[in-house]
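Remarks on the structure that follows.
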């Protein structure tokens with residue numbers, strides 16, 4: 001089986017590749033932006049069935065050249081994904097997440113790809129009521145520029161299925177966490193800061209509720225959807241345990257024996273949704289998937305990973321991990337010292 005993975009050097013994409021290594025021919029097509037880290041794929045890259053192509057999903061010619069005619073599946077992770085960055089400037093999100101998705105669909109159609117799996121987010125559903133759960137057929141009500149770009153991308157995927165008869169699937173996942181997550185998102189930022197006794201920024205009152213799913217469980221679900229999902233369907237993937245951010249951070253501090261005074265309140269971001277939570281009953285009933293890693297166990301494992309891998313964090317913070325790409329591809333320096 002030949003799988004064309006976009007954004008495979010990112011947090012979730014690299015976990016998917018690590019799980020699939022040895023069982024499929026994998027072509028990792030990645031622009032290698034600041035969030036793409038080949039340190040995440042050191043072991044998987046030893047698989048003779050793995051190959052890396054540096055390229056932009058917005059470049060149709062590059063995608064066409066990289067995608068073989070015998071491609072069985074496309075798994076489309078590539079996206080700008082940090083909400084704060086989308087608030088500062090949305091253009092890159094429109095280009096990568098919307099135009100890039102449409103280009104991937106068109107090239108896949110021309111290559112007659114057998115199955116196209118688009119990775120989306122729970123954020124397209126917008127703010128949930130206090131006890132609400134986002135279901136697959138609920139309306140899209142994106143609040144942030146990031147979420148709006150992902151909602152738009154979903155519509156193009158649906159249009160490709162309806163208009164061109166493409167075999168497409170969509171997954172929406174709640175907050176992922178685990179090893180190799182770039183330290184700009186809440187948990188890896190908090191963990192790496194706490195380990196150095198640095199402050200943890202807390203938006204507003206910290207009562208924003210998020211559902212957490214371990215990246216290992218998420219990618220198990222993605223594999224199930226790719227293998228057994230019904231054509232044209234959308235599947236939700238979550239942990240089933242929504243928690244306020246402030247509670248997650250308190251658990252982290254308690255686990256590491258650090259004082260709550262490390263939490264530092266900062267001004268809440270514009271349009272910040274209070275609750276995300278996905279109902280993944282359909283995924284469980286149809287595909288037999290359910291999360292296996294409890295949040296308590298997963299958090300403890302994640303903390304240990306960051307404790308055991310300070311060099312990975314250091315290279316991310318300094319931008320050193322990007323020097324290899326510049327040497328390999330002659331790319332201009334970008335993203336150094338991003339934190």
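Tabulated results
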| read-out | value |
| --- | --- |
| Hits in region 43-59 - residues which are assigned to a loop (DSSP other than H, G, I, E, B), without any contact (Cβ under 8 Å) to a residue 40 or more places away in the chain and more than 17 Å from residue 215 (Cβ to Cβ) | 47, 48, 49, 55 |
| Tally of residues being more than 14 Å from the chain's Cα centre (by Cα), assigned to a loop (DSSP other than H, G, I, E, B) and buried (at least 24 other Cβ atoms within 10 Å of the Cβ) across region 1-42 | 1 |
| Complete set of residues in region 60-87 that are farther than 18 Å from residue 10 by Cβ and assigned to a loop (DSSP other than H, G, I, E, B) | 67, 68, 69, 70, 71, 72 |
| Answer residue from region 302-313, given it is in a helix (DSSP H, G or I), out of contact with any strand residue (DSSP E or B) (no Cβ under 8 Å at 6 or more places or on another chain) and touching a residue at least 40 places away in the same chain (Cβ under 8 Å) and is nearest to residue 253 (Cα to Cα) among those | 303 |
| Test: residue in region 190-200 that is free of Cβ contacts under 8 Å to residues at least 12 places away in the same chain, farther than 27 Å from residue 319 by Cβ and either out of contact with any strand residue (DSSP E or B) (no Cβ under 8 Å at 6 or more places or on another chain) or surrounded by fewer than 21 Cβ atoms within 10 Å (Cβ to Cβ) (or both) | no |
| Residues within region 153-179 that are crowded, with 16+ Cβ neighbours inside 10 Å and in a loop (DSSP other than H, G, I, E, B), tallied | 5 |
| Residue that is over 19 Å from the mean Cα position of the chain (by Cα), within 20 Å of residue 230 (Cα to Cα) and part of a loop (DSSP other than H, G, I, E, B), where the choices are 131, 137, 127 | 137 |
| Matching residues in region 96-124 - criterion: being outside any strand (DSSP E or B) and within 17 Å of the chain's Cα centre (by Cα) | 96, 97, 98, 100, 101, 122, 123, 124 |
| Given (1) at pLDDT 95 or above; (2) within 24 Å of residue 96 (Cα to Cα); (3) under 18 Å from the mean Cα position of the chain (by Cα); (4) part of a loop (DSSP other than H, G, I, E, B), index of the condition residue 183 fails | (1) |
| Enumeration of residues in region 217-231 that are out of contact with any strand residue (DSSP E or B) (no Cβ under 6 Å at 6 or more places or on another chain) and either modelled with pLDDT under 95 or assigned to a loop (DSSP other than H, G, I, E, B) (or both) | 230, 231 |
| Filtered residue count, region 66-85, keeping only those that are more than 15 Å from residue 113 (Cβ to Cβ) and more than 23 Å from the chain's Cα centre (by Cα) | 0 |
| Those residues of region 21-37 which are in contact with a helix residue (DSSP H, G or I) (Cβ under 7 Å, 6 or more places away or on another chain), over 18 Å from residue 65 (Cα atoms) and touching a residue at least 40 places away in the same chain (Cβ under 8 Å), in sequence order | 37 |
| Some residue of region 204-214 being assigned to a loop (DSSP other than H, G, I, E, B), modelled with pLDDT of 95 or more, within 22 Å of the chain's Cα centre (by Cα) and over 15 Å from residue 258 (Cα atoms) | yes |
| Single residue of region 271-291 satisfying the filter (part of a loop (DSSP other than H, G, I, E, B) and in contact with a helix residue (DSSP H, G or I) (Cβ under 6 Å, 6 or more places away or on another chain)) that is surrounded by the most Cβ atoms within 10 Å (Cβ to Cβ) | 276 |
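Okay, residues lined up against (1) over 17 Å from residue 203 (Cα atoms); (2) at pLDDT below 95; (3) within 21 Å of the chain's Cα centre (by Cα):
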| position | (1), (2), (3) |
| --- | --- |
| 238 | yes, no, yes |
| 242 | yes, no, yes |
| 245 | no, no, yes |
| 272 | no, yes, yes |
| 312 | yes, yes, yes |
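The values are calculated or read from the model by the stated rules, or taken from the named source; none is laboratory data. All figures in this text were calculated on a predicted structure; none of them were measured in a lab. Note: ideal-geometry Cβ built from the backbone for every residue, glycine included; neighbour counts use all protein chains shown.
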